[in-house]
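A short write-up of the structure that comes next.
The values are calculated or read from the model by the stated rules, or taken from the named source; none is laboratory data. Not measured: the values here are computed from a predicted model. So basically every Cβ, Gly included, is an ideal-geometry build from the backbone, and we count neighbours across all protein chains shown. Areas reflect the complete protein model, heavy atoms only, side chains present, ligands, DNA and RNA absent. Shrake-Rupley method; radii C 1.70, N 1.55, O 1.52, S 1.80 Å.
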Amino acid sequence: MAALLRVIMSLHLCLFFLCVAAAQNSYDYVIIGAGSAGATVAARLTEDPLVTVVLVEAGPNFKSADTPYEMQVPNPSIVVSSPKFDAYKWPNLQARRTKHQQPSWYARGRGVGGTSSINGQLAIRGMLDDFEHWVREAHLPEEVWGAANALNYYKKLETDVLFGESQPEIHGSKGPVPINRLTEPEWGHVDRAQKEAAMDLGYGWFMDHNHPNSTGASVYAINSQNSRRVSTNDAYLEPARNRSNLLIVGGFLVDKILFEGRKAIGVKEADNKTHVGRVFSAKNVILSAGTIHSPAILMRSGVGPGYVLSKYSIPVVHENPNVGAHFNEHPVAFALLHLKPDFQPIWWQRHTNCIVRYTSGLLDGFENDMTILGANQLGDTIGRDIFSNDTAPGVIGILGVAVFKPLSRGRVYLKSKKPEVDPAVDCNLLSHPLDLQRMRDGFGRLQDFLTHPAVRRLVDNITISYGEDEMLLEEFLSQPRQAQVIDDWLLTQTSDAQHCASTCKMGDPKLDRTAVVDSSGRVIGVENLRVVDASIFPSAPRANTHLTVVAAAELLSDVIKREDGLAEWRGDPRSNLVDESF
């Protein structure tokens, strides 16, 4: 009875506070962006029923059960490539990959779940040494951002179906994100050929890619269950969606963060043809719009490089030249496998299951700085149509090489202060000589895979896109001045892995002159404003970014609870009302 009374009291109190907030259009927190980070933070903060949160998202707000079928399936290709699903992407966002290329579309998710609703569902952790490097590079507190604490939050977010129970010191078994791995008979033909070649070439096999000591060939861990994607909308927002202290607002394109002096006090929606933009006031603002749009929103709000604010006549709140700078992304270059009919997949089958990590030996102090990637059918990354009827046209698979510890840095620029105009992205890939050197070396390793019998038996031929042409691999390798040809190919054809980070870098404001936020995500130079997403990473982790973003959001949710005195950290009597739906 006492427990029931406490629940009833909590509901009454929560409804009271939410009604007050709604009446004043004011909340404890406004979170901008409902993607991998924002969805996680919103769910965690509203575990305290007396904390009111409004979560605003530029794209659609939809329940898990209403997720389009094409977004649920193991292969993201149709969603990423088809204009039918432009509402779930930023279709006009452009990025220049290298200085030798023209800008082209850059895939980022829009809508609840963000990019976790359209990506490859690859749930792989960064190297734990990535966090130790962050601590050293950005002068971050070891107890917060060091490897041991990072491991705690990787474990917290996951239920690893294969290893969670048997290896509790490394894996979690009670988190909201299910981690699965397909068995080898479920893989595609390119996956199996890639593994066979890797074993023959001496890379070795490590079943658990997320083990701190793993290297060589591994099966991808995936955030998928029963062949269905599990985005942060599914894992975090869905259990929290009916909480009366959480308001989720879709179709809310942010114009700017509102300030009173240097204190953030809310957010304003962009005006459009149908209505004047809405305003939500809040005691605290959390910006989780991602590596591209978080710095753009900061700049539109008056926080950024002085020359940018002056150019667009934006009133200066705080000048910081590092907003939008230090963009970090994994460069990748592919060869095209023209598959024989017997080895062509059905469009909805998983596009990739095998990865090969290796240490180049060309970058001191970093292991697993390189990867050999494959896919059973061509992905959108290099700009082609994905499928036709039941199979991909051709059908084309891919094998490629990528730098997973890049040293090159780019920048995100404003093109306009109008929020409907996407920022420009200069990835500046391969601008650091060591990145180009490692890609050159990696292409040599890639040739060993491409010429291996396990791969050759799958294909009619293998081609390389070079300039305006598509050459047979053998023709490409017979070109004179081969070293220069390979460099030209890399500079003109290298794409991105869609693993962007670091445009609002985290660091100690007293010791790191490149920092935009401190170790708690608080924006330096202003009050009541934090950034929580991949933009704060000092560098991109040696992995797909999604899982590390969720882990960082989990970590910073606890930091926010502690620093802002939420019930869970106060030891206050209300703490027994904390929602336990996770």
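Numerical summary
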| item | result |
| --- | --- |
| Helix-only CD estimate at 222 nm, as mean residue ellipticity for the chain, using -39500 (n - 2.57) per DSSP H run (n ≥ 4) | -8000 deg cm²/dmol |
| Cα-projected label distance for ARG457 with ASP271, points at 7 Å along beta-carbon direction, nm | 6.7 |
| Cα shape, the stretch 390-530, gyration tensor, a/c 1.5 rule | prolate |
| Surface share of carbon and sulfur [accessible, 1.4 angstrom probe, percent] for the chain | 53 |
| Relative contact order, percent, the chain [alpha-carbon distance under 8 Å, six or more residues apart] | 21 |
| log10 of Debye I(q)/I(0), alpha-carbon scatterers only, for the stretch 264-390 at 0.22 Å⁻¹ | -1.29 |
| Calculated FRET value between SER520 and VAL249, using beta carbons and R₀ = 25 Å, to 0.05 | 0.45 |
| Acute angle (nearest 10 degrees) that the helix 482-493 long axis makes with the longest principal axis of the chain, alpha-carbon atoms | 30 |
| Selection of trypsin sites (Lys or Arg not before Pro), the stretch 392-426, meeting DSSP coil and at most 15 other Cβ within 10 Å | LYS415 |
| Karplus-derived 3J(HN,Hα), 6.51/-1.76/1.60, for each residue of the stretch 337-353, Hz, glycine and proline x | 9, 8, 7, 5, x, 5, 10, 8, x, 7, 4, 8, 5, 4, 7, 7, 9 |
| Cα→Cβ-extended label distance, 7 Å offset, between GLU186 and ASP200, nm | 2.7 |
| Peptide ranges 319-329, 336-346, 249-259 listed from the most packed, as the mean C-beta count within 10 angstrom indicates | 319-329, 249-259, 336-346 |
| Rounded to 5, percent antiparallel among DSSP beta bridges of the chain | 65 |
| R0 of 51 Å, Cβ-Cβ distance GLU165-SER478: FRET efficiency to nearest 0.05 | 0.40 |
| Entries of LYS155/LYS561; LYS405/LYS561; LYS84/LYS417; LYS63/LYS89; LYS84/LYS340 with Cα pairs more than 21 Å apart | LYS405/LYS561; LYS84/LYS417; LYS84/LYS340 |
| Compactness relative to 2.2 N^0.38 Å, alpha carbon Rg of the chain | 0.95 |
| Local electrostatic count at GLY361 - Lys and Arg +1, Asp and Glu -1, tallied over other residues with Cβ under 13 Å | -1 |
| Rounded accessible area per residue of the chain, 1.4 Å, Å² | 38 |
